[in-house]
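Participant: Before anything else, here's the structure in question.
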Amino acid sequence: MTATTLSASAATLDQRIDDASKKVESTVIACRRDIHQHPELGNRETRTSKLIADRLRALGIEVKTPIAHTGVVGILKGGKPGRVVALRADMDALPVTEQVDLPFKSTVRTTFNGQEVGVMHACGHDAHVAILLGVAEVLAGVRDEIPGTVKFLFQPAEEGAPEGEQGGAELMVKDGALENPHVDAVFGLHVTSRYAVGESFKIKIHGKQTHGAYPWLGVDPIVVASQIVLGLQTIPSRQLDVSLAPAIVTVGAIHGGVRNNIIPDEVEMIGTIRSLDQKMRDDIHARIKRTAEDIAAAGGAKADVAITTGYPVTYNDPALTEKMAPTLRRVAGDKNVTVVNATLGAEDFSFYQQKVPGLFFWLGTRPKDKTAEEAASNHSPFFYVDESGLELGVRAMSHVAVDYLKSN
Ligand SMILES: [Zn+2]
Ligand SMILES: [Zn+2]
């Protein structure tokens, strides 16, 4: 008994965190599977929100909810005075029908923008929530030794709020997630790294409705839309110098028409623009507008083009990155960490970084038997998270939080 007590108290804080991370691994995986099987779209994460709040309370962590619709903030006051560090996880799933054959596969369906859709954690936010709850458990277990306060930010709607609603990190900040107590630095992680700056566009093509057998009596917006889709593809493939920076224009949805023998009045298409260069971005906007409007005009139709600027660029604070890099190297192993000073990402984490220094890092969860090219990307119905990577996520976040507090 004496020996056990001695070794327990002699264990350093770092060792205690490592041991606790191992211990919570199975809970983290079970929690991730539970959330995976019950995915919820942005601003609708009520079950997930309740699960998070219940767990935090059970750990003796102060809970503030709701915030930013379904968000939850947990506040863990350490046993020693110090600064305040925030750790963030996003909670929302996507309107994607899961195609991965898992025992905990999602079969959830819901209505999104008036359409019936499947719902899936195709971006890995289920893993982010499970990891952060694991971190909460680990840090609650060593709270007496923590010099400062850890705030857990569980944020809704990272992928964007439903039309007409506010949400995500922007609303979390507006609703005071970074205040009371004021946050000195914020950290976040994501289970993959395939991101580029993202923006979306919406094109409405106005034609003239008529009978499907007499197209000459109207203006067919479906044919015009088809031409615009192909026209847009020539922007990256034929008009931009992609040897300077990659660029993508994707049409992700087209809606128009109700039955086989009516040429509809209008067609709406939505899509996304990705590029890594600000100047190129502006140029792409102009070309999308011109392509859509001029093709529509050629067919006697009219196109309204609306482009929504994406999230600001996710910019890792250089001083904070330099300061925390040794921690990540120590935790993951030197050769497993690649540090980039500035990261371009379509991530609303940037809204926190606009207020306080922040660091966002990637966690590899690609199955070991798959190359980067073979593995399904985020948002794919085949997106798959190798759960053996989750424990590293818990350890990395826990150490980053504690090392940050210790260094101040
Ligand atoms: Zn995503
Ligand atoms: Zn994501």
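The values are calculated or read from the model by the stated rules, or taken from the named source; none is laboratory data. Predicted model only: the values in this text are computed from it and were never measured. Backbone-built Cβ (ideal geometry, glycine too); neighbour counts: all protein chains shown.
Participant: Got at least one residue in region 330-349 being within 16 Å of ligand 2 (Cβ to nearest atom), at pLDDT 90 or above and hydrophobic (A, V, I, L, M, F, W, C)?
Facilitator: For region 330-349, residues within 16 Å of ligand 2 (Cβ to nearest atom), at pLDDT 90 or above and hydrophobic (A, V, I, L, M, F, W, C): present.
Participant: Continuing with this model, one more query. Quick check on region 238-258. Is at least one of its residues over 29 Å from Glu159 (Cβ atoms) and crowded, with 17+ Cβ neighbours inside 10 Å?
Facilitator: Checked against the condition, which is being over 29 Å from Glu159 (Cβ atoms) and crowded, with 17+ Cβ neighbours inside 10 Å, region 238-258 yields no hits at all.
Participant: Could you grab me the full set of residues in region 11-69 that are within 19 Å of Leu94 (Cα to Cα) and in a strand (DSSP E or B)?
Facilitator: Leu41
Every residue, every condition in (1) within 16 Å of ligand 1 (Cβ to nearest atom); (2) part of a helix (DSSP H, G or I), yes or no:
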position: Met324; (1), (2): no, yes
position: Leu328; (1), (2): no, yes
position: Lys335; (1), (2): no, yes
position: Tyr352; (1), (2): no, yes
position: Phe360; (1), (2): yes, no
position: Lys368; (1), (2): no, no
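Participant: Might you check whether a residue that is surrounded by fewer than 24 Cβ atoms within 10 Å (Cβ to Cβ), in a strand (DSSP E or B) and within 16 Å of ligand 1 (Cβ to nearest atom) occurs anywhere in region 103-117?
Facilitator: Taking every residue of region 103-117 in turn, at least one turns out to be surrounded by fewer than 24 Cβ atoms within 10 Å (Cβ to Cβ), in a strand (DSSP E or B) and within 16 Å of ligand 1 (Cβ to nearest atom).
Participant: Pairs only if they're at least six apart or on different chains, beta carbon under 6 angstrom, first in region 240-263 and free of Cβ contacts under 8 Å to residues at least 60 places away in the same chain, second surrounded by 16 or more Cβ atoms within 10 Å (Cβ to Cβ) and assigned to a loop (DSSP other than H, G, I, E, B); list them, first residue then second.
Facilitator: Listed by first residue and then by second, the contacts come to Ala245/Asp277; Ala247/Leu240; Gly256/Pro264; Gly257/Pro264; Ile263/Gly218; Ile263/Asp220.
Participant: OK, next. Of the residues that sit in region 132-159 and are small (Gly, Ala, Ser) and surrounded by 20 or more Cβ atoms within 10 Å (Cβ to Cβ), which one is nearest to the chain's Cα centre (by Cα)?
Facilitator: Checking each candidate, the answer is Ala157.
Participant: Working carefully through the options Ile61, Ile75, Ile52, find the one that is within 20 Å of the chain's Cα centre (by Cα) and touching a residue at least 12 places away in the same chain (Cβ under 8 Å).
Facilitator: Unique residue meeting the criteria: Ile52.
Participant: I'm checking my understanding of the structure. Among residues of region 73-102 that are more than 15 Å from ligand 2 (Cβ to nearest atom), outside any loop (DSSP other than H, G, I, E, B) and aliphatic (A, V, I, L, M), which one is surrounded by the fewest Cβ atoms within 10 Å (Cβ to Cβ)?
Facilitator: Ranking the qualifying residues of region 73-102, first place goes to Ile75.
Participant: Next question. What is the residue count in region 16-57 for residues that are touching a strand residue (DSSP E or B) at 6+ places or on another chain (Cβ under 9 Å) and over 29 Å from Gly118 (Cα atoms)?
Facilitator: Final tally of qualifying residues: 2.
Participant: Please tell me if Leu392 is under 19 Å from Ala325 (Cα atoms), within 14 Å of ligand 2 (Cβ to nearest atom) and not acidic (Asp, Glu).
Facilitator: Criteria not met by Leu392.
Participant: Tally up the residues in region 156-168 that are within 14 Å of Ser49 (Cα to Cα) and away from ligand 1 (no atom under 13 Å from the Cβ), please.
Facilitator: 1
Participant: Do we have Pro95 as in contact with a helix residue (DSSP H, G or I) (Cβ under 9 Å, 6 or more places away or on another chain) and not polar (S, T, N, Q) here?
Facilitator: no
Participant: Could I ask something else about it? Only one of (1) modelled with pLDDT under 95; (2) away from ligand 1 (no atom under 16 Å from the Cβ) is not met by Gly134, so which one is it?
Facilitator: So Gly134 meets the others, but not (1).
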